[in-house]
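Report on the following structure.
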Amino acid sequence: MKQSKSKYNMIQEILEKTEAEIEKMNPVNILIAGKTGVGKSTLINNVFREKLADTGIGKPVTKHLRRITKEGIPIVLYDTRGLELQQKIQKQVMKEIFDLVQEKKDSREAIHAVYYCIQANSSRIEDTEVELIKEISEILPVILVLTQSIGKPADEFSRYLEEMNLPVAAVQNVMSEPYEISDDYVIPRFGLKQLIEKTLQLIPKESREAFNNAQQADIERKAKAARRWASRYVATTFGVGFAPIPFSDASVLVPMQVTLLAHITAIFGISMDKTTIVSIIAAVGGTGSATMIGKTLVANAFKFIPGAGTIIGGIISGTTASIVTSALALSYIEVLSIIATKEKEGESIDLGLLERLMRSQFKKNLKLDRKELKTKELEFDNDDALNDAYSTYSQMEETNLSVPFVKKVTRTVGKFIDDHRPFKK
């Protein structure tokens with residue numbers, strides 16, 4: 001860890017450790033197939049973060065295959081650009097796919113799954129397309145993705161494909177982007193979370209962390225993974241013989257907390273720069289001095305933890321340290337969930353409000369008892385902590401911008417709840 005006169009740049013350390021965590025992930029590699037115009041790019045941009053189809057580097061690897069990657073995102077996509085289904089072209093495409101699969105086999109670049117995209121409102125599948133799907137299915141697991149799935153015809157088409165008993169792993173209807181019927185009625189996006197779930201069942205266990213990092217369609221899945229990891233980390237670090245430390249040496253907590261925050265950031269895989277992390281961490285302590293951040297975090301906890309005030313000037317127990325660190329982790333996860341949701345929706349983020357939100361959630365989480373801290377990862381099925389955090393952020397926006405409440409609810413909270421409806425009671 002970089003040190004200079006007993007101080008180090010905590011933010012830079014978090015960024016560097018986050019990058020190292022992502023580099024350690026086994027990348028996931030997916031082939032995206034389907035005719036031109038079926039919505040492959042729209043699907044990619046809504047399933048994966050940072051509009052990968054538009055901003056990623058697309059490098060031709062063969063005449064019909066393009067490799068899409070972006071630095072910092074542990075996923076590689078292979079897109080069958082300009083796919084036509086004449087027999088001659090089909091044979092060329094299949095040979096290129098087969099050669100690619102063989103070339104990458106048994107390496108970190110091995111292809112894990114295929115999204116074969118068909119436009120649902122076409123309500124038909126050509127014989128040549130059926131043959132191509134069957135051939136691909138012989139060497140890779142295939143999910144048939146029915147794009148632009150609007151209304152009853154799309155459902156009927158899905159049932160028709162199911163009844164064909166094609167050798168595919170799954171058939172999934174999706175609406176990648178909200179579809180505007182009129183000024184008053186919009187069909188929200190749907191099916192992407194189910195696609196994420198089905199993909200995770202197909203890819204190797206060692207690549208699931210990378211896939212969760214790269215995807216943006218299921219924010220709760222990121223948060224749950226982060227909570228599970230944080231719970232284990234805190235239990236391991238503080239639950240087994242953590243030595244009590246003098247309050248004056250509270251800075252020894254910081255290296256542990258830096259590791260914690262870096263791993264959580266890597267799980268979320270959002271595009272956070274140094275300024276954003278500074279705003280979040282500044283809310284509960286500091287950004288440059290290990291002594292300051294450690295002391296401030298613990299001092300902030302004393303007024304919320306029963307009996308903790310008696311140890312000022314004395315000893316910080318393992319229990320107090322674990323409560324502080326747990327509260328820091330939970331609050332950080334909730335704030336990152338807001339950032340990820342805003343980023344997915346293409347909405348701007350107010351760093352001042354993030355700082356206030358972090359401070360607010362930190363105070364709330366310090367008041368949780370030990371049992372709640374251990375089980376809070378399950379709150380999506382109960383108290384729904386993410387919706388609570390998002391509502392708090394939205395209320396802060398209301399106060400800050402003086403936007404009419406009803407209008408704001410429609411624009412932000414409504415979007416969030418629609419996206420997360422499967423987890424609502």
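The values are calculated or read from the model by the stated rules, or taken from the named source; none is laboratory data. What you see is a predicted model; the values in this text were computed from it and never measured. Cβ: placed from backbone, ideal geometry, glycine included. Neighbour counts: every protein chain shown.
Being surrounded by 19 or more Cβ atoms within 10 Å (Cβ to Cβ) and in contact with a His (Cβ under 7 Å, 6 or more places away or on another chain) is a condition met by no residue of the stretch 173-188. Close Cβ contacts (under 8 Å, 6 or more residues apart or on different chains) running from residues in the stretch 138-149 that are over 18 Å from Lys198 (Cα atoms) to residues that are of a type in the set (Ser, Thr, Tyr) and surrounded by fewer than 20 Cβ atoms within 10 Å (Cβ to Cβ) comprise Gln148/Tyr179. The helices (runs of 4 or more DSSP H) found wholly in the stretch 176-275 and carrying at least 3 residues that are in contact with a helix residue (DSSP H, G or I) (Cβ under 9 Å, 6 or more places away or on another chain) and under 26 Å from Glu355 (Cβ atoms) occupy 219-239, 253-268.
For the stretch 161-179, residues that are within 23 Å of the chain's Cα centre (by Cα) and of a type outside the set (A, V, I, L, M, F, W, C) total 5. Kindly check whether there is at least one residue in the stretch 187-199 that is more than 18 Å from Ile111 (Cα to Cα) and more than 19 Å from the chain's Cα centre (by Cα). Scanning the stretch 187-199 turns up at least one residue that is more than 18 Å from Ile111 (Cα to Cα) and more than 19 Å from the chain's Cα centre (by Cα). Mind checking which residues of the stretch 154-181 are over 21 Å from Gly346 (Cβ atoms) and among the acidic types (Asp, Glu)? Scanning the stretch 154-181 gives Asp155, Glu156, Glu162, Glu163. A search for C-beta distances below 7 Å between a residue of the stretch 220-233 that is in the same structural domain as Thr341 (by TED's automatic domain parsing) and any residue that is part of a helix (DSSP H, G or I) and basic (Lys, Arg), counting only pairs 6+ apart in sequence or on different chains, returns Arg227/Lys376; Ser231/Lys374. Can you find, within the stretch 138-153, the residue that is nearest to the chain's Cα centre (by Cα) among those that are surrounded by 17 or more Cβ atoms within 10 Å (Cβ to Cβ) and more than 25 Å from Glu180 (Cα to Cα)? Applying the filter and picking the extreme gives Ile143.
Among the residues of the stretch 208-234, those that are of a type in the set (S, T, N, Q) and crowded, with 22+ Cβ neighbours inside 10 Å comprise Asn212, Asn213, Gln215, Gln216.
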